[in-house]
Amino acid sequence: MGKWEMAVNLSVVFWFVLISSCAVSVSAQQCFNFSDSFTPNHAYDVNRRALLSSLPSNVPANNDFYTADQMGQDQNRAYGLGMCIPGSDRQNCSNCIYFASDGLIDRCSNQTEGVAWAGIDTFCMVRYSNRSFFGSLDMVPVIQSLEAEPVIQVTLTDFDNAWEALMRRVIAEATSSSSGSNTMYYGADRQQLGTSRSIYGFVQCSKDISPSNCEQCLRKNLDDYRSCCSGRQRGITERPSCFMRWDLDPFFGLFEDNAAPDPTPPPEKGKKLLFL
């Protein structure tokens, strides 16, 4: 994998990327530095920790793998939600939520708002705040993490056309009224690229927003690609309300049934940790 670049707007961000022989696992904790701060172990912090600590058991207990809750009273109340992709293994979901929640508790030590999109054996999202954000479309902070060197055996035009077709399709899947309640806000698919490669795409929105807001958020990610990222073979765009990722290799265990053979040589054995 090539070197990764990152553009960050209005946030303190901690990225963790695990590259192994079969997958890329990512986690980013966004600690909102434009929100209020609090004193650690203050009443709000106690409520925040209790709420985040409840999510690893509460989220996988629901059939839709989604929980929104609040804890505490008045100005010390903490609001939070957690979710995993539809059809997740419940233990994998719990592990992912724990990983994301623990990262927020550790990294966002005195920020009243934070969000983490995380992927290990499945994909999940955790968010907390001192304000009721449920139903609110939040487009910032935004993170873009991109493959710095586009190395593919097709023309730039062919790549961009395939990428555009793929992302339009998964956005439509995530926001279509014909999608079931459990699969709404989620889309994953692949697009043929030349004769031997595929692009894999994945989008997800926070389940508290409306389908129209989900589409608005994801289409802004699509517009950002057109203006900044043409030809980048791997990338992530993350906002509090939505997430988008594409890659030339399958990820998060989402594509086993339709994965194309990978013509590239296998990576070296072992794992490499990158902190971005």
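Observations on the structure shown:
- Long-range neighbours under 7 Å by Cβ, at least six apart or interchain, first residue in contact (Cβ under 8 Å) with a residue 60 or more places away in the chain and hydroxyl-bearing (Ser, Thr, Tyr) within region 199-224, second in a loop (DSSP other than H, G, I, E, B) and buried (at least 22 other Cβ atoms within 10 Å of the Cβ): 206/241
- Inter-residue pairs, beta-carbon under 6 Å, first in contact (Cβ under 8 Å) with a residue 24 or more places away in the chain and in region 121-136, second surrounded by fewer than 22 Cβ atoms within 10 Å (Cβ to Cβ) and not aromatic (Phe, Trp, Tyr), 6+ apart: 121/92; 122/92; 130/112; 134/68; 134/208; 135/208
- Looking across 155, 237, one residue alone is out of contact with any Leu (no Cβ under 7 Å at 6 or more places or on another chain) and surrounded by fewer than 17 Cβ atoms within 10 Å (Cβ to Cβ). It is 155.
- Residue count for region 89-114 under the criterion of being under 21 Å from residue 253 (Cα atoms) and of a type in the set (S, T, N, Q): the result is 4.
- So residue 161, is it at pLDDT 90 or above, over 20 Å from the mean Cα position of the chain (by Cα) and under 30 Å from residue 41 (Cβ atoms): no
- Answer residue from region 187-198, given it is farther than 25 Å from residue 114 by Cα and in a strand (DSSP E or B) and is nearest to the chain's Cα centre (by Cα) among those: 188
- Among the residues of region 199-252, those that are in a loop (DSSP other than H, G, I, E, B) and among the aliphatic types (A, V, I, L, M) comprise 209, 248.
- Residue match in region 51-64 (condition: closer than 29 Å to residue 199 by Cα and either of a type in the set (Gly, Ala, Ser) or at pLDDT 95 or above (or both)): no
The values are calculated or read from the model by the stated rules, or taken from the named source; none is laboratory data. Keep in mind that this is a model prediction, so the values were computed, not measured. Note: ideal-geometry Cβ built from the backbone for every residue, glycine included; neighbour counts use all protein chains shown.
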